[in-house]
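Reviewing the structure listed below.
Derivation of every value follows stated rules applied to the coordinates shown; laboratory data play no part. Computed from a predicted model, the values in this text were never measured in an experiment. Positions of Cβ are backbone-derived with ideal geometry, glycine not excepted, and every protein chain shown enters the neighbour counts.
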Amino acid sequence: MPFPADFTWGAAAASYQIEGGHDADGKGPSVWDMMCRWEGRIHEGHSGDVACDHYHRYREDVALMKQIGLTAYRLSLSWPRILPEGVGTVNEPGLAFYDRLVDELLGAGIEPWVTLFHWDFPLALFRRGGWLNRDSAEWFGEYAAIVAARLGDRVRCWMTHNEPQCFIGLGHGSGVHAPGLKLPFSEQLLAGHHAMMAHGRAVQALRQGAKRPPRIGWAPVGVIKYPAGNDEAHLEAARRATYACTERHLWNLTWFSDAVLKGEYPADALEAWGDEAPAARNGDMALMHQPLDFFGVNIYNALPVKAADNAAGYEEVKRYEGFPITLFGWPIEPDSLYWGPRFIHERYGLPVVVTENGLSNPDVIDLDGRVRDPQRIDFTRRYLLRLEDAIGDGIPVEGYFHWSVMDNFEWAEGYKHRFGLIYVDYRTRQRVLKDSAHWYAKVIAGNGKALHEAV
Ligand code: GCO
């Protein structure tokens, strides 16, 4: 049975999506608090003001996590809850919340995996230019140092940024996410450049300030291509396509990852994007390029490609009509959890942790009070079986975090989508363990054995 004995079986969530308490106990506003007050930007005017009210109900939530048997929980910290102005004066009650949460998790035998930035950027710093300001690297470093000093005696596993492709591309390009900017490509790349320097500063701060020797990674989107056929030519085509970075957008694997893991931007992108690429000053790339302990990656799907007789050497394959999709419309592609970790490990050499994977499903509480979500069970089973294949083929995969531990605020989509193992009734904030949570509990208890048993 290939899952290693110490495999991490987790679930994930993010501060703005579940906490609520948007102005509780001295918290400052984030760009998401701003965006949610911007008319017409969020589905039906929803906001994360209360969300799952996890800020007040974290004890109940940790108890539910324990019931599922999670060995780890991936949370993110709200930067403006800790530093209302983003820098300067620390909001002690905000920091104390994370203290209590970490203690509660450890008391339940659940290892906290902490993400420093999952998109709730302090509004005060946005007004000073946000990621477009080169000083943002120092701001983020200051925040990371405060967190390391406070939580670093108990937290061992850290991630810096969640999905730079999204908070830059959607936040500063398409404007669909906060802060809602539609900047020219060159400005998006500049913001991303500073965010990667911020990543570097944060890694340094964690290594300097954390008492427990930290294990540090990050959590970008895995933009993955997989071979549409079995032979070597298609495999090589998929590898090339996964590593390619020439199209003028941020939906690629290598632009940010090469910077962080190799200390250079990919040559094909620099050639294709020319003057639009940021002019790195002396030391910028070295700062981004800090040693990491694992490559965390969020993988939901992937795109099939095949070998082709063209300049690129590959082309996308159209999916068949009626191809399975989730409520979000995202294709169900279990192969992504095989090829994603494999191609990432081949390029960057680090052990891989799947920091997010899951689906949006139209779950309801049935008349008898149960939440039956066979689609989530089937989806997760298919994906995890492919992850197991990757491990079987020698790819070091150390953990898997289901997105999400509970239904939550899905950004511009508001509460339309339910990704949770735990159902949340937003009228009452009542929680119900879905059938998938009970099934996942069995998977965890047997270290993956249940994946091979009929559901
Ligand atoms: C992400 C997002 C999550 C989303 C999830 C589903 O990291 O993409 O961080 O916050 O809720 O991916 O879209």
* Structure fact -> When the charge dipole of region 310-352 is computed with +1 on Lys and Arg Cβ and -1 on Asp and Glu Cβ about the Cα centre, the Cα farthest towards its positive end, among Pro334, Pro351, Gly313, belongs to Pro351
* **Model label zone, Thr89; criterion: amide N under 13 Å from point 7 Å along Cα-to-beta-carbon; scope region 1-39** => 26-28
* Check each of the GluC sites (Glu not before Pro) in region 51-115 and keep only those in coil by DSSP with at most 12 other C-beta atoms within 10 angstrom; list them in order. => none
* Structure fact -> Of the candidates Leu106, Pro164, Leu287, the farthest towards the positive dipole end of the chain (Lys/Arg Cβ +1, Asp/Glu Cβ -1, centred on the Cα centre) is Leu106
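For n ≥ 4 DSSP H runs only, could you compute -39500 (n - 2.57) per run for the chain, divide by its residues and tell me the 222 nm figure to the nearest 500? Don't skip to the end; give the middle numbers.
Working: 16 runs with 170 residues, N = 455.
Result for the chain: -11000 deg cm²/dmol, rounded to the nearest 500.
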* What does the charge count near Ile224 come to, summing +1 for each Lys or Arg and -1 for each Asp or Glu among other residues with Cβ under 10 Å from its Cβ? -> 0
* Take peptides 41-47, 316-322 and line them up by average Cβ neighbours within 10 Å, highest first, as a rough protection proxy. => 41-47, 316-322
* **Peptides 28-37, 335-344, 241-250 ordered by average Cβ neighbours within 10 Å, highest first** => 335-344, 28-37, 241-250
* Asked: Where does the charge balance sit around Glu247 when Lys and Arg score +1, Asp and Glu -1, over other residues with C-beta under 15 Å from its C-beta?
  -> -2
* Asked: Going toward the positive end of the dipole of the chain, with +1 on Lys and Arg Cβ and -1 on Asp and Glu Cβ, which of Trp403, His56, Gly420 do you reach last?
  -> His56
* Structure fact -> Gyration tensor on Cα atoms of region 312-452, a ≥ b ≥ c root eigenvalues, a/c under 1.5 rounded, else prolate if a/b beats b/c, else oblate, says prolate
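Can you tell me how the chain classifies by the Cα gyration tensor, rounded, prolate or oblate, using a/c under 1.5 as the rounded cut? List each step's numbers first, then the result.
Details: a/c = 1.38, a/b = 1.02, b/c = 1.35.
Rounded is the answer for the chain, as its axis ratio a/c remains below 1.5.
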* What is the fewest-to-most order of Glu356, Glu276 by other Cβ atoms lying within 10 Å of their Cβ? -> Glu276, Glu356
* Electrostatic dipole magnitude of region 322-455 [Cβ: Lys, Arg +1; Asp, Glu -1; Cα centre; debye, to 20] -> 300
* First select every other residue whose beta carbon is under 9 angstrom from the beta carbon of Pro112; then total the charges, Lys and Arg +1, Asp and Glu -1. => +2
* Asked: Using a simple spin-label model with points 7 Å from Cα along the Cα→Cβ vector, what separation in nm is obtained for Ala311 and Tyr426?
  -> 4.6
